[in-house]
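Any read-out appearing in this document is the output of simple, stated calculations on the displayed coordinates, not a laboratory observation. This is a predicted model, so every value here is computed, not measured. Quick reminder, even Gly has a Cβ in these numbers, built from the backbone with ideal geometry, and neighbours come from all protein chains shown.
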Amino acid sequence: MNIIFLTLGVSIAIALIFLSAFIWATKKGQYDDLTTPSQRMLLDDYETTETKKDEKEEQVK
Amino acid sequence: MSSTIQPNAGIMDRIVYDDDIVKMFLVATIFWGAAAFVVGLLAALQLAFWPANLELEWLTFGRIRPLHTNAAIFAFGGNIIFAGIYHSTQRLLKTRNFSDFLSKFHFWGWQLIIVGALITLPLGYTMSKEYAELEWPIDIAIAVVWVVFAVNFFGTIAVRRVKHLYVAIWFYIATIVTVALLHIVNSIEIPVALFKSYPVYAGVQDALVQWWYGHNAVAFFLTTPFLGLMYYYVPKAANRPIYSYKLSVIHFWSLVFIYIWAGPHHLLNTALPDWAQTVGMVFSIMLWAPSWGGMINGLLTLRGAWHKLRTDPIIKFLAVAITFYGMSTFEGPLLSIKSVSSLAHYTDWIIGHVHGGTLGWNGFITFGIIYYMVPKLWNTKMHSERLMNWHFWIGFLGILLYYISMWASGITQGLMWQAISENGQLVYPDFVETVMRIAPLYWVRFVGGSLFLIGFLFLIYNVWVTIKHAPKKEKESYVKVSPLKADVTAIGSGHRKLEALSLVFTVILFISVLVGSVIEILPTLSIYKYLPSSEKTEPYTPLELAGRDIYIKEGCYVCHSQMIRKLPFDVLRYGPSSTIAESMYDRPFQWGSKRTGPDLARVGGKYPDMWHVRHMINPREITPRSIMPSYPWLAAKKIDYHILRKKFSVMKMLGVPYDDEEVANADINAEKEAARIYEELLSQDKSLESVKDTEIIALISYLQCLGKKSSNEGVTQ
């Protein structure tokens, strides 16, 4: 049953990764706003194909 | 990367999403899905009607059952996960995938691995560890491709244009990190030949690592990535924000913290120490809450859109998928309770439970996503909504038939195994009697599976026509997205690149450190210091080991367990409960997970050699109603004596107490043993001349030693 130390070790390592990820996420303000992300993901991208107008915009850049 | 970061506010970045890779993975999903379902159906048919293997060894149940599970999980499931991740991540993070080359490498590498599995599994090259059957060269390929996928994915995160990581992304991260670790730890093995290796773990240790992996394969391959997909595609398809974003975050973190500990529930009532069983059981029950958090969140996203259930087939697929997720994650903790497990374990109930999850949850959410994605990717509409509805209803009916027949079959057989009369004897001592009772249900299951496949054929036709008639793409279509705002992160591409690199480096560093420490720890783990000194176990003789590898190759473990549980009815039927010491040299362990046939842990000496020869060549000669396939090829193929020396030397290296002389003479000793068995058989039946040196001799030698290797068997009772 010594194998338990390996599986425990790896499991704890995984838990620690997730814990640090969680702390990182919270500190970075990932969870400051829990309302708009669910709505923002619904917005589709503004899709376009290559046109002259776009080329102009490129030149402005 | 198609564009650079433009810090000037007000000007939009123009990017092209890489949808080609999504299309490739999507087509691969459909292609391998068909293969997985056909093979599954063939396997199901064989349980009802064994000659459906066409009497070919390559198509026999023991070999194609692993092919079915691998194809369903890693080929069908894997490809839709990758398609969904590459499609949704680009859109959620507003950037093209990190590297087109890595995406392509990922795609072709993964398909190559699947082809490798498709060839090696029917040939009998297997580790016999469930969902980790593939042999070491393919294991290495999986690790490489997975790391490539990880670099590509984390690279994409690093170059994102959106600061916030939407909850789906978190589910993908959990998947990628954990699957890498699980796969590497469970697959550490020492090669003997190109497609044969022995795991470094033995017996109970192998069992624990395997089910730690096995359960988390369900958790991190069939649950977290699909929840991630749910959190993107359900709101998109319903055009409603997720019910509670807060709940999604909470249930994500609790799920990933709890899931990893639940593995031992696959080993309840076995020789695994009780405390480990209890830990597994408790964590499994705890899992109920976060699982239902996801289910509720997914279903309630449809609030105010319930009318779409009537009209929109995509919503139908998604809603039913989430419902099945809820059912499976309720049933799972239930089955993890020791007393429920004593009834359900080794029966078809588990098969039903698994298929409720895979057909209902993974299958239906995949179909919903395919129907959502195909029109978007090919810029058209689905060819026929009617066919989508037909697919839904036929598939749904198929799942119900499958699920209900397996419930009935599992509970019936479980109760029959348990039945003890007033005078303390088994009511159904004859195993085959319990099989005959449920055999008709195998036909019902076959019909259920057929319906599911027919529904899928509708999908294939529908998607094919849709793509064929899709408008030709004339120009590359761009999307305009705003660049990451200056206040969000440090300005300047230099710093951003550095950030990207550091993330990638951290991942690689972590994996390498882990691999290093695992290699360091392993040798100490292989030693059985905790065994009682009173119980001595003999290692296998060369011929027994050869026979054992044939047992593994033919997939006998798929239908026969080698683990007598600490339960009265198990002990009455099969003998004293199995001990840890008995399997201490078993690489890999053969405890099994299903009893389509009886347990074999103490079959040694129960029947004469001649019985085994007759039974193996034609089981119905011994047991008229047996559903076991015939194995005539065992009496035709010669034993490979030559490799035994190599096998013995690897076993010795792994700590099995063979001396040098035994290793050097392994082949000669095996030949002598085989000759003894052969002559004994020949003296009883002169017509058996042809079985000399054939695999059946080695297999008999192995079967006859089962339960005989430990010195004080039964004392622990």
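Evaluating 6.51 cos²θ - 1.76 cosθ + 1.60 at θ = phi - 60° for every residue in segment B:74-81, the Karplus couplings come out as 8, 8, 5, x, x, 5, 6, 4 Hz, glycine and proline recorded as x.
For segment B:110-260, the mean projected area of the C-alpha convex hull, equal to one quarter of the hull surface, is 10.7 nm². Taking the fewest neighbouring Cβ atoms within 10 Å as the starting point, the ordered list for B:136, B:108, B:591 is B:108, B:136, B:591. Placing a pseudo-label 7 Å from each Cα along the Cα-to-Cβ vector at residue B:461 and residue B:422 gives an inter-label distance of 6.1 nm.
Ignoring solvent entirely, what values of log10 I(q)/I(0) come out of the Debye formula for segment B:542-705 at 0.19, 0.20 Å⁻¹ when each Cα is a single scatterer? Log10 I(q)/I(0), no solvent term: -1.32, -1.40. Relative intensity of segment B:37-102 on a log10 scale, I(q)/I(0) at q = 0.20, 0.25 Å⁻¹, equals -0.76, -0.99, per a Debye sum over C-alpha point scatterers of equal strength in the absence of solvent. In nm, to one decimal, how far is the residue B:323 label point from the residue B:239 one, both placed 7 Å along Cα→Cβ? Reported label-point gap for residue B:323 and residue B:239 is 2.4 nm. Look at the dipole of the protein assembly as shown built from charges on Cβ: of B:164, B:407, B:543, the Cα furthest out on the positive end belongs to B:164. Farthest toward the positive end of the dipole of the protein assembly as shown, out of B:641, B:97, B:622, is the Cα of B:97, where the dipole comes from beta carbon charges about the Cα centre. Count Lys and Arg as plus one, Asp and Glu as minus one, and take only other residues whose Cβ is under 15 Å from that of residue B:393; the net charge is then +1. Overall, chain B carries a charge dipole of about 3240 debye about its Cα centre when +1 sits on the Cβ of Lys and Arg and -1 on the Cβ of Asp and Glu, all other atoms neutral. Average projection, convex hull of the Cα set of the protein assembly as shown: 34.2 square nanometres. Mean silhouette area of segment B:229-471, derived from the convex hull of its C-alpha atoms and averaged over all directions, reads 15.6 nm². For segment B:287-320 versus segment B:649-717, the inter-centroid distance based on Cα atoms is 57 Å.
Once you divide the Cα radius of gyration of segment B:1-127 by 2.2 N^0.38 Å, the number left is 1.44. With a simple spin-label model that places each label point 7 Å from the Cα along the Cα-to-Cβ direction, the separation between residue B:389 and residue A:5 comes to 6.4 nm. Across all Cα atoms of segment B:531-594, the radius of gyration (one decimal) and Dmax (whole number) stand at 12.9, 35 Å. Counting charges near residue B:616 (Lys, Arg +1; Asp, Glu -1) among other residues having Cβ under 13 Å from its Cβ returns a value of -2.
Restricting to DSSP H runs of at least four residues, report the calculated mean residue ellipticity at 222 nm for the protein assembly as shown, -39500 (n - 2.57) per run over all residues, nearest 500 deg cm²/dmol.
The helix contribution divided over the protein assembly as shown gives -20000 deg cm²/dmol.
Between residue B:672 and residue B:610, the C-beta separation translates, for a Förster distance of 22 Å, into a calculated FRET efficiency of about 0.60. Taken about its Cα centre, the protein assembly as shown carries a charge dipole of about 2640 debye when Lys and Arg each add +1 at the Cβ and Asp and Glu each add -1 at the Cβ. Among A:40, B:91, B:310, B:565, the order by Cβ neighbours within 10 angstrom, fewest to most, reads B:310, A:40, B:91, B:565. Here the calculated FRET efficiency for residue B:623 and residue B:680, from their Cβ-Cβ distance with R0 = 22 Å, stands at 0.45, rounded to the nearest 0.05.
Any chance you could check the Cα centroid distance between segment B:27-84 and segment B:576-629 for me, in angstrom? First find each Cα centre; the distance between them is then 25 Å. The alpha-carbon of residue B:316 sits under 19 angstrom from the alpha-carbons of these lysines, leaving out residues fewer than 8 places away in its chain: B:236, B:308, B:376, B:381. Taken over segment B:217-320, the percentage of Cα pairs per 10 Å bin, counting from 0 up to the bin with the maximum distance, is 14, 39, 26, 15, 6, 0. Taking a sphere under 13 Å around the Cβ of residue A:33 and counting the other residues whose Cβ falls inside, with K and R at +1 and D and E at -1, yields a net charge of +3. Per-residue shielding of B:647-656, expressed as the average number of other chain Cβ atoms within 10 Å of the residue Cβ, stands at 0. A straight chain from residue B:339 to residue B:100 at 0.36 nm per residue would run longer than the Cα-Cα distance by 80.9 nm. Using the Cβ-Cβ distance between residue B:480 and residue A:27 with R0 set to 35 Å, the FRET efficiency from 1/(1 + (r/R0)^6) comes to roughly 0.65. With Cα atoms as the point set, the radius of gyration and Dmax of chain B evaluate to 26.9, 94 Å. Ordering B:479, B:558 from the fewest to the most neighbouring beta carbons within 10 Å gives B:479, B:558.
Counting only lysines at least 8 places from residue B:163 when in the same chain, those with an alpha carbon closer than 20 Å to its own are A:27, A:28, B:94, B:246, B:480, B:485, B:497.
The angle between the Cα long axis of helix B:224-238 and the longest principal axis of the Cα atoms of chain B comes to about 40 degrees, rounded to the nearest 10.
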